[in-house]
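Working notes, beginning with the structure itself.
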Amino acid sequence: MLTNERHAIILELLDEKQTVTTQEIHEVTSASESTIRRDLTDLEKQHKLQRIHGGATLTEKKLQEYSIAEKSTRNLEEKQRIAKLAAEFIQEEDCIFLDAGTTTLQLIPYLKVKQVVVVTNGLTHVDLLMKNGITTYLTGGFLKQKTSALIGQQAVQSLENYRFDKCFLGVNGFHLDFGYTTPDPEEANIKHTALTLAKETYVLADHTKLDKVSFAKICDLSEATLITGSLSEINYKAITDKTTIEVVSP
């Protein structure tokens, strides 16, 4: 198989899955590991992908941010498994902060049996919280259209009136050196503020967020428990050296 044919196949796999492993590329192309490594290096130099442990992921600009509609169907089954596991950490009558986002949204159906009180800055969460009969407080603030998140100083000030047993955050990326990040500094401020007001913080992030770095840092990996999807043994060990991690299986 010619080099340009392999490159085209690799990019097609990435377009379909966002993240691809070296083994998956081998299964499709029958190329050797050394050849695949060269292909990934070449494509990374062309800024068409980003190499990660054991494979590659799509290159994203640090300020790039997808809308709720664009993110809602991505890796949906994995997000649902992550949310189900996250719900196991919630106790009866906990007061929790539920961050805006498509993965945190999947946590809501598991809350109705817990008799919890929820504070959220996610406008898309409100209808589902109401349908499930969950006591809900909505922060004030400026409504960011793209993510339907309430942000800004008013949102921060309203958060400071509460104290949380648990805090559940969404992120755009998690990285061993750069921690948890998101494209918008104002959203990062909301997330960090909620973290400081909670006894325990959990970050819900599907596996495609691994090694992604956005513009604004939220916190270090060590400041929250990470709940994510399948990772390689190398990734798992490296992350557990930095923080507590819970991984759901496919």
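The values are calculated or read from the model by the stated rules, or taken from the named source; none is laboratory data. From a predicted model like this one, the values you see are computed outputs, not experimental measurements. Quick reminder, even Gly has a Cβ in these numbers, built from the backbone with ideal geometry, and neighbours come from all protein chains shown.
Regarding residue 184, is this residue of a type outside the set (A, V, I, L, M), surrounded by fewer than 19 Cβ atoms within 10 Å (Cβ to Cβ) and modelled with pLDDT under 95? No: the conditions fail for residue 184. Among the residues of the range 187-214, those that are over 18 Å from residue 58 (Cβ atoms), in contact (Cβ under 8 Å) with a residue 60 or more places away in the chain and surrounded by fewer than 22 Cβ atoms within 10 Å (Cβ to Cβ) comprise 197, 198, 200. Scan the range 201-234 residue by residue and report those that are of a type outside the set (Gly, Ala, Ser) and closer than 22 Å to residue 150 by Cα. Correct list: 201, 202, 203, 204, 215, 217, 218, 219. Look at the range 1-30: where a residue is within 12 Å of residue 55 (Cα to Cα) and touching a residue at least 60 places away in the same chain (Cβ under 8 Å) and a partner is of a type in the set (Ser, Thr, Tyr) and not in a loop (DSSP other than H, G, I, E, B), sitting 6+ places away or on another chain with Cβ atoms under 9 Å, you get 18/57; 18/208; 19/57; 19/208. Scanning the range 5-50 for residues that are basic (Lys, Arg) and buried (at least 16 other Cβ atoms within 10 Å of the Cβ), we see that the one that is nearest to residue 230 (Cα to Cα) is 48. Of the strands (runs of 3 or more DSSP E) lying entirely inside the range 1-112, those carrying at least 3 residues that are modelled with pLDDT of 85 or more are 95-98. Among all residues of the range 176-194, there is at least one that is assigned by TED's automatic domain parsing to the domain that holds residue 232, closer than 17 Å to residue 107 by Cβ and within 17 Å of the chain's Cα centre (by Cα).
Look at the range 113-124: where a residue is surrounded by fewer than 24 Cβ atoms within 10 Å (Cβ to Cβ) and a partner is of a type in the set (Ser, Thr, Tyr) and assigned to a loop (DSSP other than H, G, I, E, B), sitting 6+ places away or on another chain with Cβ atoms under 8 Å, you get 119/139; 119/162; 123/148; 124/148. Somewhere in the range 127-148, is a residue under 23 Å from the mean Cα position of the chain (by Cα), among the small types (Gly, Ala, Ser) and within 21 Å of residue 224 (Cβ to Cβ)? Among the residues of the range 127-148, not one is under 23 Å from the mean Cα position of the chain (by Cα), among the small types (Gly, Ala, Ser) and within 21 Å of residue 224 (Cβ to Cβ), which makes the answer no. Applying the set (1) under 25 Å from residue 152 (Cα atoms); (2) surrounded by fewer than 21 Cβ atoms within 10 Å (Cβ to Cβ); (3) in contact (Cβ under 8 Å) with a residue 40 or more places away in the chain to residue 232 leaves exactly one unmet item: (1).
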